[in-house]
1. May I ask you to say which residue of 161, 118 is small (Gly, Ala, Ser) and surrounded by fewer than 24 Cβ atoms within 10 Å (Cβ to Cβ)?
2. Name the pairs whose Cβ atoms lie under 6 Å apart, with the first residue in region 8-32 and at pLDDT 95 or above, the second charged (D, E, K, R) and assigned to a helix (DSSP H, G or I), and 6 or more positions between them or separate chains?
3. Looking for whichever is among the small types (Gly, Ala, Ser) and open to solvent by 40 Å² or more (accessible area, probe 1.4 Å) here; the options are 292, 217. Which one fits?
4. For region 465-476, indicate whether the set of residues that are open to solvent by less than 50 Å² (accessible area, probe 1.4 Å), touching a strand residue (DSSP E or B) at 6+ places or on another chain (Cβ under 8 Å) and not hydrophobic (A, V, I, L, M, F, W, C) is non-empty.
5. Restricting the search to region 298-322, which residues are open to solvent by less than 50 Å² (accessible area, probe 1.4 Å) and either in contact with a Pro (Cβ under 7 Å, 6 or more places away or on another chain) or part of a strand (DSSP E or B) (or both)?
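The values are calculated or read from the model by the stated rules, or taken from the named source; none is laboratory data. Since the structure is predicted, the reported quantities are computational estimates derived from the model, not experimental observations. Every residue, glycine as well, gets a Cβ built from its backbone with ideal geometry; the counts of neighbours run over all protein chains shown. What goes into the accessible areas is simple: the full protein's heavy atoms, side chains included, and nothing from ligands, DNA or RNA. Shrake-Rupley method; radii C 1.70, N 1.55, O 1.52, S 1.80 Å.
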Amino acid sequence: MTIHDLQPQIVWHYFHEITQIPRPSRHEEKILAYLVDFATKNNLEYKQDEVGNTIIYKPATKGKENVPMIALQAHVDMVCEKNADKVHDFMTDPIETIVDGEWLRANGTTLGADDGMGVAMELAILASKDIEHGPIECLFTIDEETGITGAQNLAADLLRGKTLINLDSEDEGEVYVGCAGGCTTRTTMPVEKSDVPAGMLPIEIKVSGLKGGHSGGDIHLQRGNAVKIAARIAKRLMDCGFFQLTSITGGNLHNAIAREANIKGYVVNAKREDARIECNVISAEIQDELAGVDDGLHVSLQTNDEIPAYILEPGMAKRLINGLVATPHGVLAMSNDIEGLVETSVNLASIKETEEGFLIVTSQRSSTDSQKVLAAQMVQSVWELAGAKVDTGDGYPGWKPNMNSKILKHSVETYKKLFGKEPAVKAIHAGLECGLFLEKYPGLDMISVGPTFREVHSPNERVEIKTVAMFWDYVKEMIETFA
């Protein structure tokens with residue numbers, strides 16, 4: 001079975017087409033051109049603002065002209081993550097999809113169902129000829145995954161209606177009415193180099209096999225963070241006195257939990273076996289900590305003659321590693337208002353080498369704005385003590401739940417009518433664009449819904465096939481009965 005055999009065919013048809021179009025964040029030109037071509041072919045009015053956000057309008061069917069306009073919204077970009085052994089260029093290569101039992105996944109890469117499935121749902125609604133509805137507007141935003149800059153720069157004259165359904169949630173049977181705000185902190189640690197002492201052997205340590213995941217939706221699962229683990233290993237070896245650091249890198253995106261990391265450096269030749277033993281001991285300790293949560297951790301140590309012929313100045317290396325060890329990662333507080341909801345968290349997302357030095361990126365999220373600021377200040381304090389330069393962006397606002405929302409009431413009634421039970425009404429720790437929409441359009445009435453995804457922002461991302469059909473029926477019914 002392939003994606004072409006799945007139902008509802010119209011939704012999977014458009015999702016397949018989207019998977020064939022490269023659409024990394026901040027490189028959405030091809031998918032935006034596709035949307036314009038789609039609107040033109042279907043004789044639908046469309047507009048684009050200065051940054052590329054695109055809206056397509058569909059007039060009401062006969063007899064529904066007086067129904068209020070309803071907006072559907074999804075973002076067109078995708079997180080681009082792949083397994084280390086996967087050859088794939090996200091700028092040029094299509095996503096290869098695989099039907100795996102009850103799920104659809106990709107072959108060694110992120111699937112892009114976040115939020116390609118929302119985009120496909122909008123296109124299917126726009127293309128359908130058998131749905132009775134009032135006027136519809138479908139908004140497609142850019143760059144949600146790396147900065148939410150599309151929503152931040154959304155033109156104030158695109159949306160015409162007062163009601164919006166965001167199609168970017170990840171659990172069928174759940175209606176979201178609020179989300180956390182967030183910000184990103186970028187820390188730069190200048191590099192200081194020293195000569196390699198005599199009698200040293202170059203080695204490389206690789207951390208791999210972790211699940212990773214979404215830094216909002218999965219942060220409470222306590223999965224391993226490869227950057228944190230690599231820092232702990234490096235600190236253990238450095239504290240033993242026979243290891244000198246050359247480099248530490250790991251992670252990729254600010255909103256993904258780091259899955260892989262590398263340490264490069266030099267060990268005293270006579271202590272090579274001691275280094276291997278220490279590495280094995282701390283690896284076993286961390287494997288015990290992650291047992292039943294993230295069982296795939298693998299740590300390897302090998303000699304590597306390609307390591308640069310220098311070490312980091314020992315004092316600078318110690319400040320760098322201590323900073324990584326001290327940087328908070330994970331849940332800082334749970335909500336006092338909504339049971340089971342993470343209030344505040346930090347994700348130590350990545351460390352990379354740049355011309356300016358080591359760049360360390362963290363993301364902070366909270367449904368309480370003051371706690372978001374405090375979380376960023378905690379990160380800032382650690383790295384200022386380490387002598388680094390720290391910059392925290394303005395971030396994006398949260399979305400405060402409105403339990404008196406008319407579209408919320410309609411969504412609950414519709415779900416109960418279709419499936420015989422009420423959906424769960426929740427807020428989410430992950431960031432959604434809805435808070436920014438409220439800044440542009442005060443009074444906008446919103447909910448967020450979606451099918452079931454798992455392990456988004458990782459190569460294990462997948463969508464539960466049966467929930468796509470449920471999602472399609474649900475959105476159609478909400479539109480047809482909206483008044």
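1. Among 161, 118, only 161 is small (Gly, Ala, Ser) and surrounded by fewer than 24 Cβ atoms within 10 Å (Cβ to Cβ).
2. These pairs meet every condition: 21/30; 22/30.
3. Details: 217 fails: open to solvent by 40 Å² or more (accessible area, probe 1.4 Å).
Of the residues listed, the single one that is among the small types (Gly, Ala, Ser) and open to solvent by 40 Å² or more (accessible area, probe 1.4 Å) is 292.
4. no
5. 299, 300, 301, 304, 307, 311, 312
So that you can scan it fast, the table gives a plain yes or no per residue for (1) in a strand (DSSP E or B); (2) open to solvent by 20 Å² or more (accessible area, probe 1.4 Å); (3) not small (Gly, Ala, Ser):
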{"site": "252", "(1), (2), (3)": "no, yes, yes"}
{"site": "259", "(1), (2), (3)": "no, yes, yes"}
{"site": "265", "(1), (2), (3)": "yes, no, no"}
{"site": "271", "(1), (2), (3)": "no, yes, yes"}
{"site": "274", "(1), (2), (3)": "no, yes, yes"}
{"site": "281", "(1), (2), (3)": "no, yes, yes"}
{"site": "284", "(1), (2), (3)": "no, yes, no"}
{"site": "287", "(1), (2), (3)": "no, yes, yes"}
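Yes or no, residue by residue, for (1) among the hydrophobic types (A, V, I, L, M, F, W, C); (2) farther than 28 Å from residue 49 by Cα; (3) touching a strand residue (DSSP E or B) at 6+ places or on another chain (Cβ under 7 Å); (4) surrounded by 24 or more Cβ atoms within 10 Å (Cβ to Cβ):
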site	(1), (2), (3), (4)
98	yes, yes, yes, no
105	no, yes, yes, no
127	yes, no, no, no
138	yes, no, yes, yes
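Results for (1) under 20 Å from the mean Cα position of the chain (by Cα); (2) of a type in the set (Ser, Thr, Tyr); (3) not in a strand (DSSP E or B), shown as yes or no for each residue.
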{"site": "169", "(1), (2), (3)": "yes, yes, yes"}
{"site": "175", "(1), (2), (3)": "yes, no, no"}
{"site": "197", "(1), (2), (3)": "no, no, yes"}
{"site": "224", "(1), (2), (3)": "yes, no, yes"}
